[in-house]
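Bear in mind these aren't lab numbers, they're just calculated from the coordinates by the rules spelled out. Since we're looking at a predicted model, the values are computed, not measured. Cβ placement follows ideal geometry from the backbone for every residue including glycine, while neighbour counts extend to all protein chains displayed.
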Amino acid sequence: MLDLFRAFLASHSFFSAIVRRFMTKRGDSSLLKSSSATCSDSDDRTSKQAHDRRLAEDSKHRYSAQLRQALEFESLLKRITDKVRDSLDETQILQTTVEEVGLGLGVKRCQVVLYQLEQDTATLQYEYSESFLSLQGTVLPMSASPILYRQLLQGEHFQLGLVSPDPIQGRVTTLFCPIADEQGVLGDLRLVIDRDYVFGELELRLSQQITNQCATAIRQARLYRTSRSQVEELERLNRLKDDFLSTVSHELRSPMATMKMAIQMLEIMLPQAQMLPIHEKLGQYVQILQTECNREIELINDLLDLARLDATIQPLNQDSIALSHWIPAVAHSFELQIRAQGQVLIVDVPPNLPTIMTDESCLKRILTELLNNAYKYTPLGGTILVRVLTIGAMIHISVCNTGIMISDAELPYIFDKFYRIPNQNPWKHAGTGLGLALVKKLVQRLDGTIEVRSCTNQTQFILQFPLQGDEQATMEFPANSGT
């Protein structure tokens, strides 16, 4: 009973003083000390638990804030990437970057400074600013801040507290991040805040990712600009060359016509003057003059034709052509020349071919040039095959000759002007070197395509033109078909 009474009195503060005096008189001071220690331990535990809860809450809030900031930065980086990904305009890329970063991070200024290392200067090229005072276009001598630029050129990022040139802002904190890749440092990105501030790890990481993207974009934009300039310069030089050839061709056409007329007069007058028996080689010389004169006239005409095709000043004369009769007529016009060289001509044209709407003179020139090319380069006993098929809504015309093969290294160049395949002219026929170039231009003018294949000792040119009607066919066009 005495122990129960002690416990009851010790648990109620109202009786604590009485219990203390009672216990003191009874000599039970040890029990009193034990009770006080128990109350103190309980209060300490309660206080520690509350402190731990506060720490946990603070940690949770910090983690949530960091997560939210990380998501915002990721969204900002994606937004910048999406806007500049397909652009090759350096100005658009960097101006978009500074605006997005400035708004996304809430800084007072975001600047891109590009270096001109040869002049030892840095130009503040792009800027986003909340201030009325713009520093864009400012040229900064790098020698004025050697330590700063030395660190940046070494690829280091850092932040400094500086005095702003804007008197309203006063002291600012600036983060410097180099824009660099494996080829070197191109400039730097600067983030300015108008107070003492320490940029966090996430902000530093975001800045580095942005500057890496900027470096890649700048390199690509500059490479594109250089390539574009080179292409434009080559196009200009090519136009000058074509203009020169066209002018020279026009200027040469009149004297060549006069020379041809004079040679023809010589051919008429020499027999009448009975000079050929006296000078046996005189007739041979006249024939050489005639051949070379014709060759030069042909070259001039080809050059003028190419100039007209490049200028596209001559309209097409659309005609309806019955290919089943028209193509054999054109091909057989070469039969005497082909037989004279011991070659064989085969024309494989179905009788039920559809008609085609096209420019007859252009198509005839194309087929004539291909047949002329085939008979020049086909050796004795070789075969020249002309074949026509319809495949779907396209007409396919093939000119194939045997006994000759063009290497893969030569194929990409055979449509170039004046290009000749070395050691592939068994008959030593003269030519202008413009025939296939004209063919390609004419095919493109007729909205067609031309393809060349060469293997197994034969070469094949395949023309494709669209049909105007609804005729369809399921025949498969054979590759490199011979006899």
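Can you give me the distance in nm between label points at residue 52 and residue 252, each placed 7 Å from the Cα along the Cα-to-Cβ direction?
The modelled label-to-label distance comes out at 10.0 nm.
What are the GluC sites (Glu not before Pro) within region 359-410 that DSSP puts in a loop, where the Cβ has at most 16 other Cβ atoms within 10 Å? Provide the component values of the computation, followed by the final result.
On the way: sites: 360, 369, 410; in loops: 410.
When the GluC sites (Glu not before Pro) of region 359-410 are filtered for loop state and at most 16 Cβ neighbours within 10 Å, 410 remain.
What distance in nm separates the simple spin-label points at residue 45 and residue 308, each placed 7 Å from Cα in the Cβ direction?
Rounded to a tenth, the inter-label distance reads 10.9 nm.
Counting other Cβ atoms within 10 Å of each Cβ, which trypsin sites (Lys or Arg not before Pro) in region 227-308 have at most 13 and sit in a DSSP loop?
Here the trypsin sites (Lys or Arg not before Pro) that fit, given the DSSP loop and packing criteria, are 281.
Which pairs, out of 260/440; 281/417; 376/441; 241/441; 241/281, put more than 28 Å between their alpha-carbon atoms?
Pairs exceeding the cut-off: 260/440; 281/417; 241/281.
Once you put a point 7 Å from the Cα of residue 88 and another 7 Å from the Cα of residue 453, both along the Cβ direction, what distance in nm separates them?
It works out to 3.4 nm between the two label points.
For residue 148 and residue 391, FRET efficiency with R0 = 60 Å and r from the beta-carbon atoms, rounded to 0.05?
Efficiency at R0 = 60 Å is approximately 0.30.
Would you please give the FRET efficiency between residue 156 and residue 282, computed as 1/(1 + (r/R0)^6) with r the Cβ-Cβ distance and R0 = 56 Å, to the nearest 0.05?
Once rounded, the FRET efficiency stands at 0.05.
Grab the beta carbon distance between residue 134 and residue 236, set R0 = 41 Å, and tell me the FRET efficiency rounded to 0.05.
The formula returns an efficiency of 0.60 here.
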